[in-house]
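The values are calculated or read from the model by the stated rules, or taken from the named source; none is laboratory data. Because the structure is a prediction, the values reported are computed rather than measured. With ideal geometry, Cβ positions are generated from the backbone for all residues, glycine too; neighbour counts draw on all protein chains shown. Just the protein is used for accessible areas: all its heavy atoms, side chains included, with ligands, DNA and RNA removed. Shrake-Rupley method; radii C 1.70, N 1.55, O 1.52, S 1.80 Å.
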Amino acid sequence: MNIPSKYDPASVEDKWYSYWMEHGFFRSTPDQREPYCIVIPPPNVTGVLHMGHMLNNTLQDVLIRRARMQGKNALWVPGTDHASIATEARVVNKLAEEGIKKTDLSREDFLEHAWEWTHTHGGIILEQLKKLGASCDWDRTCFTMDEALSESVIKVFVDLFKKGLIYRGVRMVNWDPQALTAVSDEEVNHKEVASKLYYLRYQLEGEEEYITIATTRPETILGDTAVCVHPEDERFGKFHGKKVLVPLVERSVPVIVDEYVDREFGAGALKITPAHDINDYELGLKHNLESIDIFNDDGTLNEAAQVLVGEDRFKARELIVPMLEEAGNLVKTEDYMNKVGFSERTNAVIEPKLSLQWFLKMKELGAPALEHVMNDDVQLQPAKFKNTYRHWMENVKDWCISRQLWWGHRIPAYFYGEGPNDYVVADSIEEAIQLAEEKTGNTSLQAADLRQDEDVLDTWFSSWLWPISVFDGIRYPNNEDINYYYPTNDLVTAPEILFFWVARMIIAGYEYRNEKPFNSVYLTGIVRDHKRRKMSKSLGNSPDPIELMKKYSADGVRVGMLFCSPAGNDLLFDEGLTEQGRNFSNKIWNAFRLIKSWEVDPGLKQPAHSVEAVEWFEAQMAKAFMEVDDQFGKYRISDALMIVYKLFWDEFSSWYLELIKPAYQKPIDARTYEQTIGFIDQLLHMLHPFMPFITEEIWQLISEREKGESLMVSSMPAPEQYNKEIIAKVEAIKEVVTQVRSIRNDKNIPHKEALKLKVRISSGAAYHNQLESLIVKLANLSDVEIVQQEPASAVSFMVRNVEYFLPLDGLVDSAEEIEKLEAELEYTRGFLLSVQKKMSNERFVQHAPAQVVEKEQQKMADAEGKITMLEAQIEKLKGQA
């Protein structure tokens with residue numbers, strides 16, 4: 001068998017992914033086996049692979065491949081999200097490049113462009129995931145705008161409306177003036193911004209007195225309908241019940257009193273603009289104030305503002321300040337840091353705005369989702385996120401589910417008149433006509449008489465159904481797929497969408513299946529750079545995952561990502577880790593090539609050291625399998641990988657292969673060879689979920705395979721016990737070998753020079769003479785002898801209460817050794833002096849932390865012991881000279 005000297009990941013990855021696809025190894029249908037199911041967090045149809053996807057999907061693939069090898073019926077459902085805001089923005093930009101405005105198109109024409117864009121770009125990210133090795137059942141790929149999923153969304157909206165949980169009303173919403181739509185509270189990012197605080201004075205009506213307010217938004221005074229003061233603030237007692245004039249527009253508004261006012265902020269009085277601030281809105285409702293909306297949907301000032309009409313809100317801010325100064329209303333300006341809300345999707349500054357929207361009541365609906373996470377029916381990994389989850393669920397607000405867009409699921413509300421309640425909600429136009437006829441008594445209504453709501457539903461309103469709708473469990477609640485795969489097992493996602501998506505899926509699960517959607521939620525960290533900044537295209541600090549895989553291989557990148565990704569903690573990405581992953585691939589490849597290069601002699605008897613080595617590594621392997629299983633149970637996937645990494649790199653390559661490899665140009669016995677190939681096979685099984693490509697390649701090269709055989713569908717070993725005793729014994733032997741190697745290195749004795757080892761066993765000490773063959777092989781010893789007395793001219797060391805001596809007659813230059821030891825003695829005495837000086841400083845001893853003082857005392861004791869040992873060694877060598 002011709003095994004290439006270098007591993008070529010590019011050809012191997014394409015070859016085996018095609019092979020897996022061709023043989024349908026990723027496919028799953030219900031059968032008698034235990035199911036294991038993961039639904040992919042659907043990436044936006046606009047998206048391309050980024051480092052967060054790489055981490056998230058690597059973790060999912062590790063879990064799904066491992067479950068498949070454990071004999072479970074493993075299903076990983078892939079798909080994409082239609083991403084209303086992001087996709088519509090992309091399509092609008094594309095049309096603008098072609099000289100077309102959205103407003104020039106009918107809804108139907110625009111949607112044709114949107115579907116065309118989706119069909120062209122929508123599959124990119126899924127194809128990229130294949131390069132990573134993602135073992136999804138691609139035949140089950142879903143899209144949130146697919147017919148079945150769309151019908152499910154509409155069906156749920158109608159159902160919740162009939163239950164009285166969806167309502168329509170004017171409320172203060174977060175308005176995105178760039179996307180021209182409302183967004184939910186969870187889609188607003190609050191950032192600290194350097195602003196200005198403007199102190200403005202309002203004249204009392206009919207008087208020469210003024211009341212001063214402070215605001216960061218002077219342009220909004222044009223919508224003021226009151227000034228508010230604290231009832232107990234003595235500075236403003238004389239203003240109670242009076243009226244003031246709004247600067248520039250001279251509108252007469254009342255001075256109201258309310259304990260809401262913070263007397264320490266600004267000048268102590270507050271301007272009230274109910275149409276453009278959520279807190280002002282609440283005060284407006286409480287005090288029955290007029291609400292004046294001065295902004296158009298795009299953030300420009302409208303006719304109600306009276307001045308600066310048509311100007312953008314930020315331009316209006318610039319222009320109104322000199323106008324206020326000229327009018328004598330600007331008192332002063334101060335620098336001020338405040339929090340400003342930005343749209344997560346467009347990064348536009350959010351405008352609080354009164355708007356007629358659709359809402360979903362969340363408090364009652366969310367109760368089971370809170371209970372079942374708190375009692376661990378649904379487990380959050382790591383559990384530290386439970387408190388965050390509980391805080392959000394206990395303070396949940398009604399969800400604004402309507403968006404002023406065209407791309408998405410159109411709200412199934414049909415209007416038959418101009419009144420606020422002249423509408424019906426229905427699954428179809430036919431049903432809408434029937435309901436409208438019943439409601440109006442007009443039996444001659446036609447489709448043309450009804451007007452469907454222009455808005456679409458929030459994208460999350462479709463993805464909250466994902467674990468149910470991908471199995472068509474909304475339309476057909478008792479179908480075979482939903483009954484077999486639901487609830488799914490694990491969800492792997494990011495903490496930032498714990499409320500956007502995870503909590504809502506749990507809510508939907510209990511509402512529509514009376515069951516959780518998944519058993520566990522593995523919350524990954526955020527991928528950050530070495531400066532702890534979130535990786536993003538805009539910062540230019542995010543490498544291209546496809547280029548990374550070309551450079552370091554898919555396996556190398558997978559391993560590199562997992563090396564630094566503990567659950568729930570941020571991942572500080574370092575390209576060096578992906579290089580380490582590639583080096584690990586090379587290590588595995590080279591170890592396999594080494595073994596395959598040995599000549600096998602069937603007539604050779606298995607040597608004693610190989611018998612012992614095989615027994616020891618068999619125990620190490622079983623121990624590692626059990627530890628890996630334990631780590632997976634705790635969702636410590638990085639720790640599980642590290643166990644396998646160390647097992648292969650340290651125990652297998654550095655110790656086991658050294659023990660059993662034949663002498664130069666000599667053959668190996670058949671039994672040791674076969675057992676070693678067996679170990680390689682088991683190691684590949686353990687490694688496969690993490691590194692699917694190289695493991696498949698080597699597994700196929702181990703021996704002739706039948707067509708259709710694959711490592712990925714072979715059984716994962718599952719030992720339940722291991723020989724602890726032999727592991728402990730060999731650990732002691734490894735210490736002895738390390739000491740002998742250290743002495744060789746220190747004394748410049750070449751490894752080819754065989755040494756004798758003398759052993760003195762004190763009472764009660766454990767020495768395992770049956771494993772002497774291992775020491776002889778690894779330390780290149782000619783002889784091991786048990787002695788009662790310390791031999792002359794020997795260097796000694798102790799391992800676990802057993803004394804070892806290496807006679808070095810003729811191998812070491814005594815004068816040179818004395819010189820070296822005296823130099824070391826001088827250095828150690830100097831070091832001891834510096835520690836003693838520190839410890840004689842009473843101030844240090846009294847004020848330093850106890851553990852620091854303890855550490856210094858230990859340093860002193862260690863130095864004193866070393867000095868005694870060095871003095872004895874020098875004395876001994878001088879006596880021999």
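A quick yes/no check of all residues on (1) out of contact with any Ser or Thr (no Cβ under 7 Å at 6 or more places or on another chain); (2) of a type in the set (A, V, I, L, M, F, W, C); (3) open to solvent by 50 Å² or more (accessible area, probe 1.4 Å); (4) at pLDDT 95 or above:
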| site | (1), (2), (3), (4) |
| --- | --- |
| Glu511 | yes, no, yes, yes |
| Pro517 | no, no, no, yes |
| Arg532 | yes, no, yes, no |
| Lys537 | yes, no, yes, no |
| Pro543 | yes, no, no, no |
| Ser553 | no, no, no, yes |
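Within the range 182-201, count every residue that is buried (at least 19 other Cβ atoms within 10 Å of the Cβ), touching a helix residue (DSSP H, G or I) at 6+ places or on another chain (Cβ under 9 Å) and either in a strand (DSSP E or B) or without any contact (Cβ under 8 Å) to a residue 12 or more places away in the chain (or both).
Final tally of qualifying residues: 3.
What do you reckon, is Ser742 assigned to a loop (DSSP other than H, G, I, E, B), among the hydroxyl-bearing types (Ser, Thr, Tyr) and open to solvent by 20 Å² or more (accessible area, probe 1.4 Å)? It would help to see each step written out before you state the result.
Values: assigned to a loop (DSSP other than H, G, I, E, B): no; among the hydroxyl-bearing types (Ser, Thr, Tyr): yes; open to solvent by 20 Å² or more (accessible area, probe 1.4 Å): yes.
Criteria not met by Ser742.
Output yes when any residue across the range 592-601 is under 26 Å from Tyr522 (Cα atoms), free of Cβ contacts under 8 Å to residues at least 60 places away in the same chain and over 19 Å from the mean Cα position of the chain (by Cα), and no when none is.
Residues of the range 592-601 under 26 Å from Tyr522 (Cα atoms): none.
No, the conditions are met nowhere in the range 592-601.
Identify the single condition in (1) in a strand (DSSP E or B); (2) open to solvent by less than 70 Å² (accessible area, probe 1.4 Å); (3) of a type in the set (D, E, K, R) that Asp293 does not satisfy, given that it satisfies every other one.
Among (1) in a strand (DSSP E or B); (2) open to solvent by less than 70 Å² (accessible area, probe 1.4 Å); (3) of a type in the set (D, E, K, R), the lone unmet condition for Asp293 is (1).
Given the options Leu877, Leu832, Leu821, Leu808, name the one that is touching a strand residue (DSSP E or B) at 6+ places or on another chain (Cβ under 9 Å) and surrounded by 15 or more Cβ atoms within 10 Å (Cβ to Cβ). Can you show your working first?
Values: Leu877 fails: touching a strand residue (DSSP E or B) at 6+ places or on another chain (Cβ under 9 Å); Leu832 fails: touching a strand residue (DSSP E or B) at 6+ places or on another chain (Cβ under 9 Å); Leu821 fails: touching a strand residue (DSSP E or B) at 6+ places or on another chain (Cβ under 9 Å).
The match here is Leu808.
Name the one entry in Lys752, Lys756, Lys724, Lys747 that is among the basic types (Lys, Arg), at pLDDT 85 or above, surrounded by fewer than 17 Cβ atoms within 10 Å (Cβ to Cβ) and over 30 Å from Val628 (Cα atoms). It would help to see each step written out before you state the result.
Numbers: Lys752 fails: at pLDDT 85 or above; Lys724 fails: over 30 Å from Val628 (Cα atoms); Lys747 fails: at pLDDT 85 or above.
It is Lys756.
Can you find, within the range 423-457, the residue that is farthest from Thr493 (Cα to Cα) among those that are part of a loop (DSSP other than H, G, I, E, B), modelled with pLDDT of 95 or more and open to solvent by less than 50 Å² (accessible area, probe 1.4 Å)?
Checked the range 423-457; the qualifying residue farthest from Thr493 (Cα to Cα) is Leu450.
It is to be established whether one or more residues within the range 112-119 are closer than 25 Å to Asn347 by Cβ, open to solvent by 10 Å² or more (accessible area, probe 1.4 Å) and not in a helix (DSSP H, G or I).
The answer is no, given that none of the residues of the range 112-119 is closer than 25 Å to Asn347 by Cβ, open to solvent by 10 Å² or more (accessible area, probe 1.4 Å) and not in a helix (DSSP H, G or I).
Gly133 fails exactly one of the following numbered conditions: (1) open to solvent by 70 Å² or more (accessible area, probe 1.4 Å); (2) closer than 30 Å to Ile694 by Cβ; (3) not acidic (Asp, Glu). What is the number of that condition?
All conditions are met except number (1).
Checking Met691 against (1) closer than 24 Å to Asn56 by Cβ; (2) open to solvent by less than 30 Å² (accessible area, probe 1.4 Å); (3) at pLDDT below 95, which single condition isn't satisfied?
All conditions pass for Met691, except number (3).
Consider Gly133 against the criteria (1) at pLDDT 95 or above; (2) farther than 24 Å from Arg410 by Cβ; (3) in contact with a Gly (Cβ under 6 Å, 6 or more places away or on another chain): it satisfies all of them except one. Which criterion is unmet?
Gly133 satisfies every listed condition except (3).
Quick check on my filter: what residues within the range 202-212 are open to solvent by 10 Å² or more (accessible area, probe 1.4 Å) and in a strand (DSSP E or B)? Steps first, answer last, please.
Keep residues of the range 202-212 that are open to solvent by 10 Å² or more (accessible area, probe 1.4 Å), which gives 203, 205-210, 212.
Within the range 202-212, Gln203, Tyr210, Thr212 meet the criteria.
Determine whether the range 236-255 contains at least one residue that is under 30 Å from Pro412 (Cα atoms), touching a strand residue (DSSP E or B) at 6+ places or on another chain (Cβ under 8 Å) and among the basic types (Lys, Arg).
Just the residues of the range 236-255 that are under 30 Å from Pro412 (Cα atoms), to begin with: none.
The answer is no, given that none of the residues of the range 236-255 is under 30 Å from Pro412 (Cα atoms), touching a strand residue (DSSP E or B) at 6+ places or on another chain (Cβ under 8 Å) and among the basic types (Lys, Arg).
Which one is nearest to Arg528 (Cα to Cα) among residues in the range 461-498 that are of a type in the set (S, T, N, Q) and open to solvent by less than 10 Å² (accessible area, probe 1.4 Å)? Outline the logic, then answer.
Applying the first criterion (of a type in the set (S, T, N, Q)) to the range 461-498 yields 462-463, 469, 478-479, 483, 488-489, 493.
Retained after the next criterion (residues that are open to solvent by less than 10 Å² (accessible area, probe 1.4 Å)): 462-463, 469, 488, 493.
Details: Ser462: 30, Ser463: 26, Ser469: 33, Thr488: 30, Thr493: 16 Å.
Applying the filter and picking the extreme gives Thr493.
Which condition from (1) crowded, with 18+ Cβ neighbours inside 10 Å; (2) modelled with pLDDT of 90 or more is the one that Leu105 breaks?
Among (1) crowded, with 18+ Cβ neighbours inside 10 Å; (2) modelled with pLDDT of 90 or more, Leu105 violates only (1).
I need the helices (runs of 4 or more DSSP H) fully contained in the range 570-680, keeping only those with at least 1 residues that are open to solvent by 70 Å² or more (accessible area, probe 1.4 Å) and among the small types (Gly, Ala, Ser).
Numbers: elements: 575-597, 608-633, 637-646, 657-660.
Those helices (runs of 4 or more DSSP H) span 575-597.
Collect the residues in the range 262-275 that are open to solvent by 10 Å² or more (accessible area, probe 1.4 Å) and assigned to a loop (DSSP other than H, G, I, E, B), keeping them in residue-number order. Talk me through it step by step, then tell me what you get.
Residues of the range 262-275 open to solvent by 10 Å² or more (accessible area, probe 1.4 Å): 262-267, 270-271.
The answer is Asp262, Arg263, Glu264, Phe265, Gly266, Ala267.
Yes or no: the range 277-285 includes at least one residue that is farther than 24 Å from Glu209 by Cα, among the β-branched types (Val, Ile, Thr) and either surrounded by 16 or more Cβ atoms within 10 Å (Cβ to Cβ) or at pLDDT below 95 (or both).
In the first step, residues of the range 277-285 are kept if they are farther than 24 Å from Glu209 by Cα; the result is 277-285.
Still in the list and also among the β-branched types (Val, Ile, Thr): 278.
Next, only the ones that are either surrounded by 16 or more Cβ atoms within 10 Å (Cβ to Cβ) or at pLDDT below 95 (or both) stay: 278.
Yes: one or more hits.
Give all pairs with beta carbons closer than 9 Å in which a residue from the range 272-283 that is over 13 Å from Ile256 (Cα atoms) meets a residue that is open to solvent by 50 Å² or more (accessible area, probe 1.4 Å) and hydrophobic (A, V, I, L, M, F, W, C); count only pairs at least 6 apart in sequence or on separate chains.
Close Cβ pairs satisfying both conditions: Pro274/Leu285.
Just checking, how many residues over the range 853-881 are within 28 Å of Arg843 (Cβ to Cβ) and aliphatic (A, V, I, L, M)?
Counting residues in the range 853-881 that are within 28 Å of Arg843 (Cβ to Cβ) and aliphatic (A, V, I, L, M) gives 5.
I'm checking my understanding of the structure. Among residues of the range 342-375 that are more than 26 Å from Thr273 (Cα to Cα) and assigned to a loop (DSSP other than H, G, I, E, B), which one is least open to solvent (accessible area, probe 1.4 Å)?
Met362
Could you list, in sequence order, all residues of the range 303-341 that are touching a strand residue (DSSP E or B) at 6+ places or on another chain (Cβ under 6 Å), open to solvent by 30 Å² or more (accessible area, probe 1.4 Å) and not in a strand (DSSP E or B)?
Passing the criteria: Leu308, Val309, Gly310, Glu311.
Return the residue satisfying two criteria in turn: it lies in the range 153-181 and is part of a helix (DSSP H, G or I) and open to solvent by less than 20 Å² (accessible area, probe 1.4 Å), and of such residues it is nearest to Lys361 (Cα to Cα).
Residues of the range 153-181 part of a helix (DSSP H, G or I): 153-162.
Filter once more, so that each one left must be open to solvent by less than 20 Å² (accessible area, probe 1.4 Å): 153, 156-158, 160.
On the way: Val153: 17, Val156: 14, Phe157: 12, Val158: 14, Leu160: 9 Å.
Checked the range 153-181; the qualifying residue nearest to Lys361 (Cα to Cα) is Leu160.
Of the conditions (1) charged (D, E, K, R); (2) open to solvent by 20 Å² or more (accessible area, probe 1.4 Å); (3) out of contact with any strand residue (DSSP E or B) (no Cβ under 7 Å at 6 or more places or on another chain); (4) farther than 23 Å from Met691 by Cβ, Glu88 clears all except one; give me its number.
The failed condition is (2).
Scan the range 233-249 and tell me whether some residue there is open to solvent by less than 10 Å² (accessible area, probe 1.4 Å) and closer than 30 Å to Ala89 by Cα.
Within the range 233-249, none of the residues are open to solvent by less than 10 Å² (accessible area, probe 1.4 Å) and closer than 30 Å to Ala89 by Cα.
Give all pairs with beta carbons closer than 6 Å in which a residue from the range 202-216 that is under 16 Å from Arg235 (Cβ atoms) meets a residue that is among the aliphatic types (A, V, I, L, M) and in a loop (DSSP other than H, G, I, E, B); count only pairs at least 6 apart in sequence or on separate chains.
Thr212/Ala267; Ala214/Ala267
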